[in-house]
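Some notes on the structure that comes next.
Here, each number is a calculation from the coordinates, and none is a lab measurement. Computed from a prediction, not measured in an experiment: that's the story for all the values here. Counting neighbours? That spans all protein chains shown, and the Cβs are built from the backbone with ideal geometry, glycine included.
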Ligand SMILES: *[C@@H]1O[C@H](CO)[C@@H](O)[C@H](O)[C@H]1NC(C)=O
Ligand SMILES: *[C@@H]1O[C@H](CO)[C@@H](O)[C@H](O)[C@H]1NC(C)=O
Ligand SMILES: *[C@@H]1O[C@H](CO)[C@@H](O)[C@H](O)[C@H]1NC(C)=O
């Protein structure tokens, strides 16, 4: 009897530590990421909606997960699309852009080059690169979805440790659109840029 209890308890810990979620469509969902209450670690909640893996912002917006690298604790989400091709608004403008819940173990990594578009002149007081040679000009000219932002005041910056690592802010009257490139290589063509926002998670203790 005693032996049996020991066996069951032992089995239970084994199951919970290798409690990886099933694939979502074609994509693997590595531990600790969790698509439901019954798998993964619930602090690392993501969503499998219609076989599409998604990340939920603290503002209630879903962003598509493009890829996951569990060995470096990183995942890449898609930047929000422009609302339409002739204006310069990203689809999450109504909630002020991307915002991560600060109580969750995810943050925006320092491999992201963010480009902001249709900014008000106040932005020029910031240390961002808003010059006529800023990388944002290349997106406006040739990037997919960039056309509606052509000719607006735009800037780019590396989202490094000096910045808020839980937000990319846009608003009407500030900057009304953004996009983001992971591990920017400015030597290659805009069509080869890796459009995405890299998030990093703190490994479970
Ligand atoms: C702005 O970015 C461009 C492209 O990377 C660079 O050539 C230029 O020197 C930067 N300007 C400033 C003021 O940092
Ligand atoms: C830029 O933003 C302003 C509000 O800040 C808006 O009135 C204008 O329509 C936007 N421009 C484009 C091209 O969407
Ligand atoms: C983001 O989270 C990672 C992993 O916990 C941590 O190493 C890094 O310092 C954090 N970055 C910022 C800017 O807070």
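Which of rounded, prolate or oblate describes the range 135-191 when judged by the alpha-carbon gyration tensor and an a/c cut-off of 1.5?
Taking the square roots of the gyration eigenvalues as a ≥ b ≥ c, the range 135-191 is oblate.
Tell me, what is the percent relative contact order of the chain, built from C-alpha pairs under 8 Å that lie six or more residues apart?
The value is 21 percent.
Please state the relative contact order of the range 138-193 as a whole percent: Cα pairs under 8 Å, 6+ residues apart?
35 percent
If you take every DSSP beta bridge whose two residues both sit in the chain, what share of them, in percent to the nearest 5, is antiparallel?
Among the beta bridges of the chain, antiparallel pairing accounts for roughly 95 percent.
Among rounded, prolate and oblate, which fits the range 83-205 when a ≥ b ≥ c are the square roots of the eigenvalues of its C-alpha gyration tensor, a/c under 1.5 means rounded, and a/b larger than b/c means prolate?
Judged from the Cα gyration tensor, the range 83-205 comes out prolate (a/c at least 1.5, a/b above b/c).
Once each part is reduced to its C-alpha centroid, what is the distance from the range 29-71 to the range 155-205 in angstrom?
After rounding, the separation between the Cα centres reads 20 Å.
Anyone know which of 134, 126, 165 comes out most mobile in the 10 Å Cα GNM of the chain?
126
I need the calculated FRET efficiency for the pair residue 50 and residue 91, taking r as the beta carbon distance and R₀ as 25 Å, to the nearest 0.05.
FRET efficiency, residue 50 to residue 91: 0.90.
Which three lengths, in whole Å and largest first, does the chain cover when its Cα atoms are put on their principal axes?
For the chain, the Cα extents along the three principal axes come out at 77, 34, 33 Å.
For the chain, what is the mean residue ellipticity at 222 nm derived from helices alone (per DSSP H run of n ≥ 4: -39500 (n - 2.57); sum divided by total residues; nearest 500 deg cm²/dmol)?
-3500 deg cm²/dmol
Helix 2-17 against the longest principal axis of the chain: what's the angle in degrees, Cα atoms only, rounded to the nearest 10?
Once rounded, one gets 10 degrees.
Would you please give the FRET efficiency between residue 31 and residue 121, computed as 1/(1 + (r/R0)^6) with r the Cβ-Cβ distance and R0 = 45 Å, to the nearest 0.05?
For residue 31 and residue 121, the calculated efficiency is 0.40.
Does the range 47-124 come out rounded, prolate or oblate by the C-alpha gyration tensor, with a ≥ b ≥ c the root eigenvalues, rounded set by a/c under 1.5 and, if not, prolate when a/b is larger than b/c and oblate if not?
prolate
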